[in-house]
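**Q** Sharing a structure here in structure tokens format.
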Amino acid sequence: MIVLKTSRELSLMRKAGKISQKALRLAGEAVEPGVSTWEIDKIIRQYIESEGATPNFLGYGGFPASACISVNNVVIHGIPSKSTILKKGDIVGIDTGACYEGFNGDNAWTFACGEISEEARALLEATEKSLYLGIEQAVPGRRVGDIGHAVQEYVEARKYSVVREFVGHGVGAKLHEDPSVPNYGTPGRGVRLLPGMTIAIEPMVNLGKPGVKILDDGWTTVTRDGSLSAHFEHTVAITPDGPVILTQLD
Ligand code: MG
């Protein structure tokens with residue numbers, strides 16, 4: 001069931017989105033060689049709680065940390081750990097979300113740890129660009145397939161691949177709501193977008209083949225071929241005036 005949000009709910013989501021984005025930026029500033037992903041998780045949790053919000057990933061389905069931190073070939077759902085120490089050249093996907101007065105924000109960014117390879121830099125740029133191309137399609141009357149198509153077309157033209165097993169999603173009082181928002185699709189197909197819908201658009205893009213697998217911890221999702229993977233995400237409201245990114249600062 002797709003839940004349309006009232007303007008009061010949208011303003012709470014705006015606040016939740018802002019906290020989620022600030023947490024993500026603080027996390028990104030902490031990315032540097034020698035830092036553990038556990039330390040970054042701690043920064044995220046402290047900041048979100050200082051705003052009177054809660055990290056919505058903590059305990060979600062049993063997830064043991066406040067954020068997902070996914071390094072290099074980890075696509076998503078990396079578990080922060082004292083033993084995962086960042087090194088120069090890593091790419092670090094960080095996914096943060098805050099729940100504020102019952103409403104959720106969800107956003108992600110892939111950061112460079114020091115200097116990274118040309119190949120990695122190009123992957124990050126393409127994935128970020130595909131996110132914004134997807135967001136451009138998030139207008140009333142268009143369909144979920146228009147978003148997925150915009151992402152897929154851009155990414156595949158650059159010989160990267162789009163992850164199929166994990167997709168974007170509606171977001172609101174629940175972190176994951178209907179509809180699913182795949183990063184692939186056919187223009188004009190799928191759920192029609194309506195004002196008041198709020199969705200997380202989140203391209204996950206692999207340098208190699210699209211296949212992924214989940215490790216024995218039940219969370220960590222890696223590329224099957226070991227290639228690098230990038231992840232960028234915003235929570236977006238569909239409005240009569242066009243897409244409004246809720247996970248941004250003023
Ligand atoms: Mg998400």
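The values are calculated or read from the model by the stated rules, or taken from the named source; none is laboratory data. Because the structure is predicted, anything quoted here is derived from the model rather than measured. No Cβ is skipped: glycine too gets one built from the backbone with ideal geometry, and neighbour counts run over all protein chains shown. SASA here: full protein model, heavy atoms, side chains in, ligands and nucleic acids out. Shrake-Rupley method; radii C 1.70, N 1.55, O 1.52, S 1.80 Å.
**Q** Using beta carbons and a limit of 6 Å, which pairs, at least six apart or on different chains, have the first residue in the stretch 187-209 and within 16 Å of the ligand (Cβ to nearest atom) and the second one of a type in the set (S, T, N, Q) and outside any loop (DSSP other than H, G, I, E, B)?
**A** Every condition considered, the pairs that remain are Ala200/Thr235; Pro203/Thr127; Pro203/Ser130; Val205/Thr127.
**Q** Here is a further query. How many of the residues making up the stretch 210-238 are of a type outside the set (A, V, I, L, M, F, W, C) and surrounded by 17 or more Cβ atoms within 10 Å (Cβ to Cβ)? Reasoning before the result, please.
**A** To start, the set of residues in the stretch 210-238 that are of a type outside the set (A, V, I, L, M, F, W, C) comprises 210-211, 213, 216-218, 220-221, 223-227, 229, 231, 233-235.
Narrowing the set further to residues that are surrounded by 17 or more Cβ atoms within 10 Å (Cβ to Cβ) leaves 210, 220-221, 223, 227, 229, 231, 233-235.
Within the stretch 210-238, residues that are of a type outside the set (A, V, I, L, M, F, W, C) and surrounded by 17 or more Cβ atoms within 10 Å (Cβ to Cβ) number 10.
**Q** Here's another thing I want to ask about it. Among residues belonging to the stretch 159-181 that are more than 19 Å from His77 (Cα to Cα) and crowded, with 18+ Cβ neighbours inside 10 Å, point out the one that is farthest from the ligand (Cβ to nearest atom). Step through it out loud before you land on a result.
**A** If we filter the stretch 159-181 for residues that are more than 19 Å from His77 (Cα to Cα), which is where we start, we get 159-160, 172-173, 178-179.
Checking which are crowded, with 18+ Cβ neighbours inside 10 Å leaves us with 160, 172, 179.
On the way: Tyr160: 20, Gly172: 12, Pro179: 13 Å.
It comes out as Tyr160.
**Q** Right, something else. Out of the residues in the stretch 126-158 meeting the condition of being of a type in the set (S, T, N, Q) and not in a loop (DSSP other than H, G, I, E, B), tell me which one is surrounded by the most Cβ atoms within 10 Å (Cβ to Cβ). Walk me through it before giving the result.
**A** Of the residues in the stretch 126-158, the ones of a type in the set (S, T, N, Q) are 127, 130, 137, 152.
Filter once more, so that each one left must be not in a loop (DSSP other than H, G, I, E, B): 127, 130, 152.
Numbers: Thr127: 29, Ser130: 26, Gln152: 23.
Ranking the qualifying residues of the stretch 126-158, first place goes to Thr127.
**Q** Okay, next question. For the stretch 58-75, name all the residues that are of a type in the set (A, V, I, L, M, F, W, C) and more than 21 Å from Val212 (Cα to Cα). Lay out the reasoning, then the answer.
**A** Of the stretch 58-75, the ones of a type in the set (A, V, I, L, M, F, W, C) are 58, 63, 65, 67-69, 71, 74-75.
The answer is Leu58, Ala65.
**Q** Checking Tyr60 against (1) open to solvent by 70 Å² or more (accessible area, probe 1.4 Å); (2) within 14 Å of Phe111 (Cβ to Cβ), which test does it fail?
**A** (2)
**Q** Which of (1) without any contact (Cβ under 8 Å) to a residue 24 or more places away in the chain; (2) within 16 Å of the ligand (Cβ to nearest atom) does Glu156 not meet, given it meets every other one?
**A** (2)
**Q** I need a count of the residues in the stretch 73-106 that are assigned to a loop (DSSP other than H, G, I, E, B), buried (at least 24 other Cβ atoms within 10 Å of the Cβ) and out of contact with any Ser or Thr (no Cβ under 8 Å at 6 or more places or on another chain).
**A** Summing the residues that are assigned to a loop (DSSP other than H, G, I, E, B), buried (at least 24 other Cβ atoms within 10 Å of the Cβ) and out of contact with any Ser or Thr (no Cβ under 8 Å at 6 or more places or on another chain) in the stretch 73-106 gives 0.
**Q** Let me confirm something: among Leu10, Leu4, which residue is open to solvent by 30 Å² or more (accessible area, probe 1.4 Å), assigned to a loop (DSSP other than H, G, I, E, B) and in contact (Cβ under 8 Å) with a residue 24 or more places away in the chain?
**A** Working: Leu10 fails: assigned to a loop (DSSP other than H, G, I, E, B).
Of Leu10, Leu4, the one residue that is open to solvent by 30 Å² or more (accessible area, probe 1.4 Å), assigned to a loop (DSSP other than H, G, I, E, B) and in contact (Cβ under 8 Å) with a residue 24 or more places away in the chain is Leu4.
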